[in-house]
1. Taking the conditions exactly as written (over 20 Å from Ser31 (Cβ atoms), of a type outside the set (Ser, Thr, Tyr), within 15 Å of the chain's Cα centre (by Cα) and surrounded by 14 or more Cβ atoms within 10 Å (Cβ to Cβ)), does Phe116 satisfy them or not?
2. Where the second residue is among the aromatic types (Phe, Trp, Tyr) and surrounded by 15 or more Cβ atoms within 10 Å (Cβ to Cβ) and the first is in contact (Cβ under 8 Å) with a residue 24 or more places away in the chain and farther than 13 Å from Pro94 by Cα and lies in the range 51-64, which pairs have Cβ atoms under 9 Å and are six or more apart or on separate chains?
3. Has the range 119-128 got at least one residue that is surrounded by 15 or more Cβ atoms within 10 Å (Cβ to Cβ) and among the charged types (D, E, K, R)?
4. Condition first: farther than 17 Å from Arg111 by Cα and assigned to a strand (DSSP E or B). Now tell me which residues in the range 15-41 satisfy that.
Amino acid sequence: MACASPPASEADPTGPPGFVLVVEDEPGIRSALAALVEAEGFEVETAGDGREALEVLRRRPGSCLILLDLMMPGMNGWQFLEECSRDVVLAPVPVVVVSAFEAPRGFRAIRKPIDFNHLVGIVREHCVP
């Protein structure tokens, strides 16, 4: 079992704003995604691989959404999902895979190259600015 996104209908638009965690090894893509999400009024944290993402999430609970690349050095996206699924605090956090590769079964995905309007729409479904 892995961390999974609840259906959009289960997102709580009146809940706490939380933050969006962008997990991407390419610095340029990571910065662009963070800047786009921040420009829409959302708070953002970033991580360069799965291990760093786990550190962020454990240090600062309250993420409303994780945007996750799959192909990364160190702890890749699949390994992150496996680790996340074993943590009762992290497992419920919605994950959207942002990758040029196929997303694991059952995960919502945004394929690279990224459609920024689609990305912002998904963030709005899960988070309150």
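1. It is false that Phe116 is over 20 Å from Ser31 (Cβ atoms), of a type outside the set (Ser, Thr, Tyr), within 15 Å of the chain's Cα centre (by Cα) and surrounded by 14 or more Cβ atoms within 10 Å (Cβ to Cβ).
2. Arg51/Phe80; Ala53/Phe80; Leu54/Phe80; Arg60/Phe19
3. Within the range 119-128, one or more residues are surrounded by 15 or more Cβ atoms within 10 Å (Cβ to Cβ) and among the charged types (D, E, K, R).
4. If the condition is that a residue be farther than 17 Å from Arg111 by Cα and assigned to a strand (DSSP E or B), then Phe19, Val20, Leu21 are the ones that fit.
Each reported figure results from applying straightforward, stated rules to the coordinates on display, with no laboratory input. Since the structure is predicted, the reported quantities are computational estimates derived from the model, not experimental observations. Counting neighbours? That spans all protein chains shown, and the Cβs are built from the backbone with ideal geometry, glycine included.
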